[in-house]
Amino acid sequence: MTSFKLTLATLVASVAFVGAAAARDQIQVAGSSTVLPYAKIVAETFGETFPNFKTPVVESGGTGAGLKEFCKGVGADTIDIANASRKIKDSELETCKKAGVTEVEEVKIGYDGIVFATDASNPDLKLTPKDLYLGLAAEVVKDGKLVANPYKKWSEINPSLPDATIAAYIPGEKHGTREVFEEKVLHAGCADSGAEKVIKETVKDEKDQARKCIAVRKDGMAVDIDGDYSETLARIAANKSGIGVFGLSFYENNADKLKVATVSGVVPSTETVASGKYPVSRPLFFYVKKAHIGVIPGLKEYVEFFLDDQMIGPDSPLAAYGLVAAPESERESMRKAFESGKTL
Amino acid sequence: MSDVTSSAFQARGAARPRRDIGIRKRYAAERRFRAYGVTAILVGVFFLAVLLWTVISNGYTAFQQTVITLPITFAESVIDPKNERAQNPAKLMAANYPLLVRDALIKELGIDPNDRTKVKLATDMVSASSRTQLRDIVVANPSVIGTTMSVALLAEGNIDSANKGQIDLTADEANRKVKNQQLAWMDQLRQKGDLTKEFNTGLFTYGASSRPEAAGIGVAALGSFYMMLIVLVLALPIGVAASIYLEEFAPKNKFTDLIEVNINNLAAVPSIVYGLLGLAIFINFAGLPRSASLVGGLVLTLMTLPTIIIATRAALKAVPPSIRSAALGLGASKMQTIFHHVLPLAMPGILTGTIIGLAHALGETAPLLLIGMVAFVVDYPGSPLEPSTALPVQIYMWANEAERAFVERTSGAIMVLLAFLIVMNLGAILLRRRFERRW
C-alpha cells in the first residue's frame, strides 16, 4: 500500500514541478553536430567567464532536427538557439513564422573546410573535383554518351592517381556536409568533365538534370557514412587505400593518422579556406530567437560572447580547434547586425 | 529339413545379429549436439573476450591523468592590482589567472618571456581549466594572494595522451598535436618529478567538457541515477499492481487477452518509439522541460513497464495454487491471500525482473535523443527538472569527439557503465538466491 501512496506522491510532485519549470535560467541550444564542438567550447568558456549565468546546454542531433525544434514556437519550453551547418531554408523559416517564431536572427560564426584524406601510410594524393566526380558519379560520359561508371581504380581515371581500387567514404545523405560535397565537388566535377553538357542535352527536366549531376554510384565503391567522422576514421584504418571525407577540424586533430589530399592543387588549411583558395568549404551559422532575448538570462551575453574576437577571431580557441575565422569586416558586420537586432 | 534346423541352431549358438536400434548413430548425434553447444558457448565467450579486451585495453589508461605540479605565485599585481577585493569581491572572479600559470611556466622551464611562440607552446601544455581551478582557490581563501603555493594542474589532453604513449611520435612534427619542444619540456618536468600520472578522480566528478582532461561522467551518472530512481519509484508499483490485477482478479476474456498481447508487443517495441511518445506527451503536451531527467525517467518507465509486468506475472504464476487454496481455506480474504502469501513468495522473481528492466533502462540512449538528453551539460542538475544527460549518452558523445584523449575516456566510461550493470545483475542473482523457495 505504501508504494501506491508513494506513486501518488510522485505524480503530484511532478505536476507541481511543471509550474516551477516555466521559468528557465539556462540557455538551451540544439542542432548541427558540426557546430557542436565549437558551441561546446563557447558554452563552457561562457560558463567560466560569467559565473552568474549557468553554462548553456548544447544538444546534438543535426541541423534539420535542431531547426525543427527551434521552429516549434516561443516560450521557455522551446530552445533558444539552433546551430546550423547550412543556411536556414525558406520552407523552414515559413514553418517558424507560422508557429509564432517571427523574429529570427542569423549569426554566421565562420567557415568549415571539408577535406579528403587517406591513411597516413599512403603517398601524397592530389585530387581535383573532376577526378572525384569520375570516380564517384553514378554515370559518366564516354564517347559522348552517358554510361554507368566503368572505373574500378583511381589510376584508370588519371594515371597520376594511385593504382588502388576506388573506395570512398562520403557523408550520408542526411549529413549537412553532404550538401557541400555535392555542390562543391560533384557538381563542379560534373561541369569540368563535360558530363553536365551531355546531361543537359539528354535530360529535359531541370530538376532531373541537377539530380543526375550529383548522383553517386551505388555499386559499393562510394560508401555513405551516416555516423560521425570517427566512423569514417575507423573505415580508413580498416581499408588503408580508402579515401574519406572529414571536417577540417577533425582532420587537424588526427593529422598523425591521416594524409590530406590537395584539391585542385591547394592544401586545405585555415588560411586557404579563409582566403577562398581551397574550394570545398561552407559557412557555419546559428539562429537566435529574438523573442527570448531579455527573457532567458544570459542569452544576449552568450551571443555577444560568441561573436567576440576572443572566441571566433583568428587567434581564438575556436580557430585553434579548426574553425576558419571569417574576415575581420564580416565579423564586424555580424556584431553590428546582432546589436541592431536585425532579423530574417 | 535338416538344413533348416541346423541353420536355426547355428543362429542360436553364434552371436545373434543384434536388432539395429541405431545406438551408434544416436550416440554420434548426441556428441554432435554437445559439440554444437560447446561451439555456441565458445563463440559467445570469444566475442565477449574481444569486447572486454578492446574496452579494457583502450580504457584502463583513462583512470589516470597527467598532472603538472607548478609553484604558482598568487601575485597581487595580477589578481587584484588596485586592491579592490574588499569592496568588490567580483574582481576575484574575473582576474587573469592564466597569467599566473604562464609566469610559473616561464620560471620553471626557463623560457625567455619575450619568445612568444615558446611561451604559447608552454602555456598550451596546461589545461585551460586551470583558470577556474586557480580562481576557486583564490575565491575560497583570498589570503593566498601574495603567497606561492605548489598547485597540481591538469595537463592538456594532447600532453596527457603523449605522456601515455598514445600519440605516434614518429609522425612528422607538423602533423602532430604535440611538438618536439613540448616533449623536451615534458622530459624536463618528469625528471624533476613535476609531471606525474595520478588517479583520475575528475573522470568521476567532472561534468561534460570540450577539454578531454576536464571531462567526466559526474553529471551523466547523476542524471542516470535520477532516472533510475524515477523508474524504480514509478515502474515497480505500477507494474506490480497491473500484474496482480491481471493475474489474480481480472476475468479471463477477450479483453484481457488483448491486453496481454499488447503488453508482450510493447516489450518488443524499439525504444526510439518511446522517445517519440515522450516528446509528444511529456514535452509538447504536458510542457515538462527539455533535457530534464524527469522526462527521461518517465520515458524509461514506459519502456520498462512491460518487462516488469511480464516478469511479475510469471513470478505470480509460479506460486503454487495450493498456497492460495490453503490461505483461502483458512478464511483469508482474496486480498489477504495475495498480500500475505502470494506476493512475498513471488518477490524474488519480481525483483529480478525489475533489476533486469532497470539495467536495460540504464543502458538506453535512443529514447533520450528525442527528448533532448543527448546534450552537452556542464553543470550538475540540482533536481530531476534541470538539464542533465545519461551515462550511455556520455559514452556516445565522447565516441564522436575528435581529440585523441577522448578515445580512452570513451572506453573508461564504458567500463564504469559495465561495472554498474554487473553490480545490478549480481544484486539480482543474490536476491534470487537469498529469497528463492523451491516446492
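Values quoted throughout were computed directly from the atomic coordinates according to the rules given, and no laboratory measurement underlies them. Please read these numbers as outputs of a predicted model, since none were measured by experiment. FYI the Cβ positions are ideal-geometry reconstructions off the backbone, even for glycines, and counts take in every protein chain you see.
Laid out as a table, the results:
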read-out: For chain B: span of alpha carbons on each principal axis (Å, largest first); value: 127, 71, 37
read-out: Spherically averaged projected area in nm², based on the convex hull that wraps the Cα atoms of chain A; value: 22.5
read-out: Where trypsin sites (Lys or Arg not before Pro) in DSSP loops with at most 11 other Cβ within 10 Å are excluded, longest remaining stretch of chain B; value: B:253-436
read-out: By average C-beta atoms within 10 angstrom, highest first, the peptides A:192-201, B:44-53, A:156-165; value: A:192-201, A:156-165, B:44-53
read-out: Size of charge dipole - the protein assembly as shown - debye, nearest 20, with Cβ of Lys, Arg +1 and Asp, Glu -1, no other charges; value: 3680
read-out: Neighbour-count ranking [beta-carbon atoms within 10 angstrom, fewest first] of A:GLU339, A:GLU231; value: A:GLU339, A:GLU231
read-out: Long-range amide H partners of A:TYR169 with built H, under 5 Å; value: A:VAL223, A:ILE243, A:GLY244, A:VAL245
read-out: Exercise: per-residue mean of other protein chain Cβ atoms within 10 Å, A:182-191; value: 0
read-out: Calculated FRET value between A:ALA320 and B:GLU198, using beta carbons and R₀ = 45 Å, to 0.05; value: 0.95
read-out: Binned Cα-Cα distance frequencies in the protein assembly as shown - 10 Å width, integer %; value: 2, 11, 18, 21, 19, 13, 8, 4, 2, 1, 1, 0, 0, 0
read-out: Square roots of 5 times each gyration tensor eigenvalue, C-alpha, the stretch B:218-435, largest first, Å; value: 37, 20, 14
read-out: Label-to-label distance, nm, for residues given as B:ALA174 and A:GLU206 (7 Å Cα→Cβ offset); value: 4.5
read-out: Exercise: per-residue mean of other protein chain Cβ atoms within 10 Å, B:236-246; value: 2
read-out: Exposed GluC sites (Glu not before Pro) absent: longest stretch of chain B, with sites in DSSP loops and at most 16 other Cβ within 10 Å deemed exposed; value: B:85-435
read-out: Test item: B:287-294 mean partner chain Cβ contacts at 10 Å; value: 6
read-out: Ranked B:THR365, B:THR389, criterion: other C-beta atoms within 10 Å, fewest first; value: B:THR365, B:THR389
read-out: Karplus-derived 3J(HN,Hα), 6.51/-1.76/1.60, for each residue of the stretch B:100-108, Hz, glycine and proline x; value: 5, 5, 4, 4, 5, 5, 4, 5, 5
read-out: Dipole-positive endmost among B:THR73, B:ALA95, B:ASN163 within the stretch B:60-200 (Cβ charges, Cα centre); value: B:ALA95
read-out: Among the listed pairs B:LYS82/B:LYS107; B:LYS254/B:LYS334; A:LYS212/B:LYS177; A:LYS145/A:LYS184, those beyond 30 Å (Cα-Cα); value: A:LYS212/B:LYS177
read-out: C-alpha center-to-center spacing [the stretch B:383-439, the stretch A:292-344] in angstrom; value: 38
read-out: Around A:LEU125: net Lys/Arg minus Asp/Glu count, Cβ-Cβ under 13 Å; value: -1
read-out: Theoretical ellipticity at 222 nm over the protein assembly as shown - DSSP helices of four or more residues, -39500 (n - 2.57) apiece, nearest 500; value: -15500 deg cm²/dmol
